[in-house]
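Here is the structure we will look at, set down as C-alpha cells.
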Amino acid sequence: MIYRIEFVPERRFTYVSPAATKLTGYTPEEHYEDCELGFTLVHPDDRERLLEMMHSGNGFETAVVLR
C-alpha cells in the first residue's frame, strides 16, 4: 500500500493507492474520510515508532515498513 499524508495544516491523506482495499479491507475513500484509520491499522508495537517519526519534523525520506 502506498500513501501520501500531509501533517500541516491538519493531518490528512492526499493519496491512498487502490491496493489499500485488498490489503486493509478499507477503500481509499474511507482513508480520506478518517485519517486515524491508517493509524489504527498499524500493529500496536509499531505505533510508538510511527508517532516518533511523524513528530520528528524530518518527514519520511525512505519507505517505512510497519506491521
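Look through segment 18-34, keep the residues that are part of a helix (DSSP H, G or I) and of a type in the set (Gly, Ala, Ser), and return whichever of them is nearest to the chain's Cα centre (by Cα). Across segment 18-34, the extreme among qualifying residues is 20.
Residue-level check: of (1) surrounded by 12 or more Cβ atoms within 10 Å (Cβ to Cβ); (2) out of contact with any Phe, Trp or Tyr (no Cβ under 8 Å at 6 or more places or on another chain), residue 40 misses just (1). Comparison of 67, 12 shows that the only residue that is out of contact with any helix residue (DSSP H, G or I) (no Cβ under 7 Å at 6 or more places or on another chain) and among the basic types (Lys, Arg) is 12.
Scanning segment 43-58 for residues that are surrounded by fewer than 13 Cβ atoms within 10 Å (Cβ to Cβ) and not charged (D, E, K, R) yields 43, 44, 51, 55, 56, 57, 58. The set of residues from segment 1-24 being β-branched (Val, Ile, Thr) and either surrounded by 15 or more Cβ atoms within 10 Å (Cβ to Cβ) or in contact (Cβ under 8 Å) with a residue 24 or more places away in the chain (or both) comprises 5, 16, 21, 24.
Only the coordinates and a few stated rules stand behind these numbers; no lab work does. Keep in mind it's a predicted model, so treat the numbers as computed, not measured. Here the Cβ is made from the backbone with ideal geometry for all residues, glycine too, and neighbour counts use every protein chain on show.
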